[in-house]
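One structure is given below, encoded as structure tokens.
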């Protein structure tokens, strides 16, 4: 064996061991090792992703979207696990190269091993070819972190290029028919590779396209799209009156959504296997999309409908997505907010609450949040302004968060600025309201969760 | 003496296409600050194919958009709208053009795979750079006010705008990139007509500029506007300055 070859094989053998050791060390220090071990792995062995994923007997499936990646993947994980598969999953939402490699480090070998990876939308075109997925779910593309991702059209164009190449290798696609951009992507692929999902229940349709809606012109001819129903952002029942491009007919649909305030919902699902009713421990129309997408995805890898239905009903809210805990005898719920459309769905869920709202908005401007906090002005905080009892604004950009609520119409004497998130929560818990609603951006959620985990109020992940 | 005007009429050009960086924040900011002072407020949305009528507005706002949408707006502006806006800016009347909207006022925005017509209302040309200029920015204008003319915000643009001799800049770059990343110039100013790359909700981060624009549009001095409690606005400005690395050293305590 040439000397180089043996060195390379030593590196390949050593890389996972070294990376795992770093993970153990970090956990020993009380830190969550969601990204660093994977970075170590990739530094030593840049081909690690393709090497490890090729050893997963049941293959790898990917989930990407602007909103709903973590919840969709977490629902899929519940179904795959209940079906008896051994799932390697980046459950903490660390969805760039390092986080994905970290998750694969824990992958088992064998025929029942499957990789379930949520991938950052910007990283998808680079990482997907290395992971050689058997199926990819693409949920939606919304305006998000323009400072990091660039314009929406550019992200979609990169996705289309990547999807065409993956399709040529036989990767299946599970796509949201209600997003005109995602639909346009799917129409470039062989129909045999595409499974469409969507929401049919139009009783929850919005009166008009929200201000933050993006894809309102036809990808094929540039004419304005018309909607018979707008369900969420620019998702809905759309068509182009000029060239005739129209929403593909989905085979997996939610035919009925019943919202139970801001905490849970009931869904009726129509799939090729029949009609199924499920109770979901998360609220809102956006989670109806996440659930039906996850349902279609796990069906493509052979999970039975009865297994999916019971797994979804039992699934817990995932990591900062409608996660509930008790603080100062009050029930607090964490809702991650990171872009206008996601925030609008949280606002919509909160507007379904009958009591007055006690809210903490934790606005950070870290790289993972987007350094640019402009997006808060695109979200429709006006829709809950009249329900607000108290709003405490925290985080690195707390004053601008407070301004947003003031200009949305919340009286100044109901708004306070307390930069430190934990102190802000303590202040919020002095309100008369029995429910507290905490809206953190991504790094704010990690920081606050970590503090709460130190106090034993929430479970530490990993 | 004429009675003081009691209504601000704001023409917003292409509110659905040029709104990518939360341009609505600027509009809502102006509206609330008028409402809180008892000044009437009327929004005059002007979309593709709509006409812009002289005498129906006191102030013009043009936001930023994706390239694809900006092409449609650039084409729609040609003709009557271009003529009217050219006169408006020529007389230095109140206008705020942000990012893409600012680019459209110049001669053209061109690049290897891009050609967006402008209206030539200002002496400026924009070409596409090979990378986007992104990040927090602070500039110094000569508009005075409580921050001594300093504006803070965020920029994210591929365009490099170079001003000709007939159009002066809005300010000089303290930190960040500005018009082209090298001249040290940012935006343009002709009287009360302003253009800038400080995108999206520029006014919430710079409350005094909102008041300056309201006053100019109503033909008043800023001091004639009713005082508001601006403690949150000042705090937001201070943080935006700090993020841009241009601390507001003499900021009053909040």
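The values are calculated or read from the model by the stated rules, or taken from the named source; none is laboratory data. Values in this document were obtained by computation on a predicted structure and should not be read as measured data. Methodologically, a virtual Cβ is constructed for each residue, glycine included, from the backbone with ideal geometry; neighbour enumeration extends over all protein chains shown.
If a residue counts only when it is farther than 18 Å from residue A:311 by Cβ and more than 14 Å from chain B (Cβ to nearest Cβ), which strands (runs of 3 or more DSSP E) contained entirely in the stretch A:52-156 have at least 1 such residues? Give the derivation first.
Numbers: elements: A:60-64, A:86-89, A:113-118, A:135-138.
The strands (runs of 3 or more DSSP E) meeting that bar are A:60-64, A:113-118, A:135-138.
Taking residue A:220, is it at pLDDT below 95 and within 14 Å of chain B (Cβ to nearest Cβ)? So residue A:220 passes the test. Restricting the stretch B:69-86 to residues that are within 14 Å of chain A (Cβ to nearest Cβ) and out of contact with any helix residue (DSSP H, G or I) (no Cβ under 6 Å at 6 or more places or on another chain), the residue that is nearest to residue A:155 (Cα to Cα) is B:69.
Within the stretch A:233-248, the set of residues being within 15 Å of residue A:202 (Cα to Cα) and either surrounded by fewer than 20 Cβ atoms within 10 Å (Cβ to Cβ) or modelled with pLDDT under 90 (or both) comprises A:233, A:237. Within the stretch A:157-199, the set of residues being surrounded by fewer than 23 Cβ atoms within 10 Å (Cβ to Cβ), in contact with a strand residue (DSSP E or B) (Cβ under 6 Å, 6 or more places away or on another chain) and assigned to a helix (DSSP H, G or I) comprises just one member, A:193. The single condition among (1) crowded, with 24+ Cβ neighbours inside 10 Å; (2) under 22 Å from residue A:209 (Cβ atoms) that residue A:136 does not meet is (2).
When A:419, A:409 are screened for being surrounded by fewer than 17 Cβ atoms within 10 Å (Cβ to Cβ) and closer than 17 Å to residue B:24 by Cα, only A:409 passes.
One line per residue, one yes/no per condition, for (1) under 30 Å from residue A:266 (Cβ atoms); (2) over 23 Å from the mean Cα position of the chain (by Cα):
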residue	(1), (2)
A:135	yes, no
A:154	no, no
A:166	no, no
A:176	yes, no
A:179	yes, no
A:199	yes, no
A:208	yes, yes
A:226	no, yes
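Would you check if there is a residue in the stretch A:4-23 being modelled with pLDDT under 70 and outside any helix (DSSP H, G or I)? The answer is no; no qualifying residue exists.
Only one of these is closer than 28 Å to residue B:107 by Cα, surrounded by 23 or more Cβ atoms within 10 Å (Cβ to Cβ) and within 14 Å of another protein chain (Cβ to nearest Cβ): B:202, B:232. Name it.
Working: B:232 fails: closer than 28 Å to residue B:107 by Cα.
Going through B:202, B:232 in turn, the sole match is B:202.
Can we say residue A:56 is buried (at least 19 other Cβ atoms within 10 Å of the Cβ) and more than 22 Å from the chain's Cα centre (by Cα)?
Working: buried (at least 19 other Cβ atoms within 10 Å of the Cβ): yes; more than 22 Å from the chain's Cα centre (by Cα): yes.
In short, yes.
Pairing each residue of the stretch B:64-86 that is free of Cβ contacts under 8 Å to residues at least 12 places away in the same chain with any residue that is part of a helix (DSSP H, G or I), provided the two are 6+ apart or on different chains, yields C-beta distances under 9 Å for B:68/A:153.
Return yes when residue A:404 is assigned by TED's automatic domain parsing to the domain that holds residue A:337, in a helix (DSSP H, G or I) and in contact with a strand residue (DSSP E or B) (Cβ under 9 Å, 6 or more places away or on another chain) and no when it is not. Give the steps one after another, and end with the answer.
Details: assigned by TED's automatic domain parsing to the domain that holds residue A:337: yes; in a helix (DSSP H, G or I): yes; in contact with a strand residue (DSSP E or B) (Cβ under 9 Å, 6 or more places away or on another chain): yes.
It is true that residue A:404 is assigned by TED's automatic domain parsing to the domain that holds residue A:337, in a helix (DSSP H, G or I) and in contact with a strand residue (DSSP E or B) (Cβ under 9 Å, 6 or more places away or on another chain).
Exactly one residue among B:12, B:98, B:48 is in contact with a strand residue (DSSP E or B) (Cβ under 7 Å, 6 or more places away or on another chain) and free of Cβ contacts under 8 Å to residues at least 60 places away in the same chain, and that residue is B:12.
If residue B:17 satisfies all but one of (1) within 14 Å of chain A (Cβ to nearest Cβ); (2) out of contact with any helix residue (DSSP H, G or I) (no Cβ under 7 Å at 6 or more places or on another chain); (3) within 23 Å of residue B:120 (Cβ to Cβ); (4) in a loop (DSSP other than H, G, I, E, B), what's the number of the condition it fails? All conditions pass for residue B:17, except number (2).
Within the stretch A:407-424, how many residues turn out to be within 9 Å of chain B (Cβ to nearest Cβ) and part of a helix (DSSP H, G or I)?
Of the stretch A:407-424, the ones within 9 Å of chain B (Cβ to nearest Cβ) are A:407-409, A:412, A:415, A:417.
Pick out the ones that are also part of a helix (DSSP H, G or I) and you get A:407-408, A:412.
Counting residues in the stretch A:407-424 that are within 9 Å of chain B (Cβ to nearest Cβ) and part of a helix (DSSP H, G or I) gives 3.
In summary, strands (runs of 3 or more DSSP E) completely within the stretch A:285-396 and bearing 3 or more residues that are within 14 Å of another protein chain (Cβ to nearest Cβ) occur at A:388-394.
Conditions tested, residue by residue: (1) within 12 Å of chain A (Cβ to nearest Cβ); (2) outside any strand (DSSP E or B).
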position	(1), (2)
B:9	no, no
B:26	yes, yes
B:32	yes, yes
B:44	no, no
B:50	no, yes
B:88	no, yes
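Would you say residue A:275 is assigned by TED's automatic domain parsing to the domain that holds residue A:80 and in contact (Cβ under 8 Å) with a residue 40 or more places away in the chain? The answer is no for residue A:275. The condition of being closer than 15 Å to residue A:74 by Cβ, within 15 Å of the chain's Cα centre (by Cα) and either in the same structural domain as residue A:178 (by TED's automatic domain parsing) or surrounded by fewer than 24 Cβ atoms within 10 Å (Cβ to Cβ) (or both) does not hold for residue A:281. Once the stretch B:132-191 is narrowed to residues that are surrounded by fewer than 20 Cβ atoms within 10 Å (Cβ to Cβ) and at positive phi, the residue that is farthest from the other protein chains (Cβ to nearest Cβ) is B:191.
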